[in-house]
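J.: A single structure is presented below for examination.
The values are calculated or read from the model by the stated rules, or taken from the named source; none is laboratory data. Just so we're clear, the structure is a prediction, and the values are computed from it rather than from any experiment. Methodologically, a virtual Cβ is constructed for each residue, glycine included, from the backbone with ideal geometry; neighbour enumeration extends over all protein chains shown. For accessibility, only protein heavy atoms count, side chains too; no ligands or nucleic acids. Shrake-Rupley method; radii C 1.70, N 1.55, O 1.52, S 1.80 Å.
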Amino acid sequence: MADIYINYGTNLQEMTYELMREADIASKLRPDMKIGIKPNLVVSRPADEGATTHPEIVEGIIRYLKDAGVHDICILEGAWVGDSTEQAFRNCGYTRLAEKYNVRLIDTKRDNAVAKESKGLTIKVCECAVSVDYLINVPVLKGHCQTGVTCCLKNLKGCIPDSEKRRFHTLGLHKPIAALNAVLRPSLHIVDSVCGDLSFEEGGHPVTANRIMLGFDPVLLDSYGAQLIGYKPDDIGYLRMAKDYGLGKYFDEDTKIVELNTKNRPVVNNKHISAVSRLSKYIEEDSACSACYASLIYALDKVSLIKIEKIKIGQGFKGKKLNGLGVGQCTSGCDKFVKGCPPKASDIIEMLENI
Ligand code: SF4
């Protein structure tokens, strides 16, 4: 048995089915199992923009599960703070999928949460994620403006309530993400590496890789994925911590990889990675939520900046009297700030253009 299975091509549904068959997932299933599928629908944008999981991959999973005799299936997800999961389900093709295959859609924002102790933290996790017998994590491999990379480990953030997502940012993201993964352990990970955005979590700059990966160890998959898009695993704080917590091992020369249809492998380029590091020099950040930070990065990318002071953003500035520019309600103590929680990139652009 291999550690990582990879398939290349453009027929995503068939590729996924083929991967599951190759890894003999059916041998781990029972007909009475309750299965949860956790895609990445962080924003309400179609998958070809590089942010969200392709519904064709989830369709391949559902077809495989049904052919294996398992029928109690749900798709669970919660969009990021400030976005509607229902809208994301609809716009990303999941409402249609749920109707076609008679599977349930669960918005984790509306679910009850249970408290779990992990690594010195108490973490609230949505009930639907902990109550399934077999959780299939289906993240997108892409860049993230705060953590560098997002893939298997970080995708589980969609399984916690919005209030907890905000709190994760106040705790610096890395430790709580690693701790969450110590208490919520999906049985299987199928990574959408078809056209992930290498800079922006919310997409807009997709980079074609036409690749789907399957594995059981999220640390292994994330460390491999990080290297594929130009990062060292140790550069990603939560990944380093997850390895130290014993949640998996890093990819190395002993990792056994099985590749299918390698003739379909396209050339990937990493030229977008530098965009976030180039723009982050204009930001003074303290515990900013992802949606807020991404709006600011997106806005900075759209305006020409010559010399501006650093813009403050994040929950760490809440209630403080501050000089200069701020973004988001938390920075209302600044001389000038953009309203919203999270604020809109268009409003930030307007402020920047008026400076
Ligand atoms: S203003 Fe921004 S950083 Fe503050 S709570 Fe809202 S989204 Fe988070």
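J.: Over the chain, give the accessible area per residue in Å² for a 1.4 Å probe, as an integer. Don't jump to the answer; show the numbers that get you there.
T.: On the way: 14170 Å² over 355 residues.
Here the residues of the chain average 40 Å² of exposed surface.
J.: At 1.4 Å probe size, what's the solvent-accessible area of LYS256? Round to the nearest 10 Å².
T.: Result for LYS256: roughly 110 Å² accessible.
J.: What order do CYS126, CYS289 take when sorted by accessible area (1.4 Å probe), most exposed first?
T.: Details: CYS126 0, CYS289 25 Å².
Correct descending sequence by accessible area is CYS289, CYS126.
J.: Sum -39500 (n - 2.57) across every DSSP H segment of at least 4 residues in the chain, then divide by the residue count to get the 222 nm mean residue ellipticity, nearest 500.
T.: Working: 13 runs with 115 residues, N = 355.
After summing the helix terms and dividing by residue count, I get -9000 deg cm²/dmol.
J.: Rounded, prolate or oblate: which fits region 219-355, taking a ≥ b ≥ c as square roots of the Cα gyration tensor eigenvalues, rounded meaning a/c under 1.5, else prolate when a/b beats b/c? Don't skip to the answer; put the middle values down first.
T.: Working: a/c = 3.27, a/b = 1.95, b/c = 1.67.
Verdict is prolate for region 219-355.
J.: So who's got an amide H within less than 5 Å of the one on LYS142, skipping anything under 5 residues away but keeping other chains? H placed 1.01 Å off N, in plane.
T.: THR150
J.: Of all accessible surface on region 1-149 at a 1.4 Å probe, what whole percent is carbon and sulfur?
T.: Numbers: 2340 of 5580 Å².
It is 42 percent, rounded to a whole number.
J.: Continuing with this model, one more query. Name the residues whose placed amide hydrogens come within less than 5 Å of the amide hydrogen of VAL338, ignoring near sequence neighbours (fewer than 5 apart) on the same chain.
T.: Distant-sequence amide H within range of VAL338: GLY326, VAL327, GLY328.
J.: Considering only protein heavy atoms, with the full assembly of protein chains and a 1.4 angstrom probe, order HIS169, HIS71 by accessible area, largest first.
T.: Values: HIS169 10, HIS71 105 Å².
Of HIS169, HIS71, the descending order of accessible area is HIS71, HIS169.
J.: Please state, rounded to one decimal and in Å, the Kirkwood hydrodynamic radius that region 4-264 gives when every pair of distinct Cα atoms enters the mean of 1/r. Don't jump to the answer; show the numbers that get you there.
T.: Details: mean 1/r = 0.0557 Å⁻¹.
Across region 4-264, the inverse of the average 1/r is 17.9 Å.
J.: How large is ³J(HN,Hα), in whole Hz, for each residue of region 323-332 in order, when computed from phi with the Karplus curve 6.51 cos²θ - 1.76 cosθ + 1.60 and θ = phi - 60°, using x for Gly and Pro?
T.: Along region 323-332, the couplings run 8, x, 9, x, 10, x, 4, 4, 9, 5 Hz.
J.: If you don't mind, there's one more thing I want to ask. Roughly how many Å² of MET1 are accessible to a 1.4 Å probe, to the nearest 10?
T.: We get 140 Å² for MET1.
J.: Rounded to whole Hz and in sequence order, give me ³J(HN,Hα) for region 105-116 from the Karplus expression 6.51 cos²θ - 1.76 cosθ + 1.60, θ = phi - 60°, writing x for Gly and Pro.
T.: Running phi through 6.51 cos²θ - 1.76 cosθ + 1.60 with θ = phi - 60° gives 9, 10, 8, 5, 5, 9, 8, 6, 10, 10, 7, 10 Hz.
J.: Right, here's the next one. Write down the radius of gyration of region 281-353 and its Dmax, each obtained from C-alpha positions, in Å.
T.: 10.7, 31
J.: Compare LEU65, LEU305 by solvent-accessible area with a 1.4 Å probe and give them largest first, with all protein chains kept in place.
T.: Values: LEU65 0, LEU305 40 Å².
Reading off the accessible areas and sorting them downward yields LEU305, LEU65.
J.: With a sphere of radius 9 Å drawn around the Cβ of VAL219, what net charge do the other residues whose Cβ falls strictly inside it have (Lys, Arg +1; Asp, Glu -1)? Spell out each step's value before the answer.
T.: Details: positive: LYS243, LYS249; negative: ASP217, ASP222.
With Lys, Arg at +1 and Asp, Glu at -1, the neighbours total 0.
J.: Let me ask something else about it. So in the chain, what percent of DSSP beta bridges are antiparallel if you round to the nearest 5? Mind showing how you got there, number by number?
T.: Numbers: 20 of 48 bridges.
For the chain, the DSSP antiparallel bridge percentage is about 40.
J.: If you plug each phi of region 42-50 into the Karplus form 6.51 cos²θ - 1.76 cosθ + 1.60 with θ = phi - 60°, what whole-Hz ³J(HN,Hα) values come out, in order, with x for Gly and Pro?
T.: Using θ = phi - 60°, the values come out as 4, 10, 8, 10, x, 4, 5, 8, x Hz.
J.: Now for a different question. Quick one: which residues, 5+ away or cross-chain, put their amide H under 5 Å from the amide H of LYS34? H built at 1.01 Å from N.
T.: For LYS34, the qualifying residues are ASP133, TYR134.
J.: Determine how large the accessible area of LYS100 is when every protein chain is in place; take a 1.4 Å probe and give Å² rounded to the nearest 10.
T.: So the heavy atoms of LYS100 present about 120 Å² to solvent.
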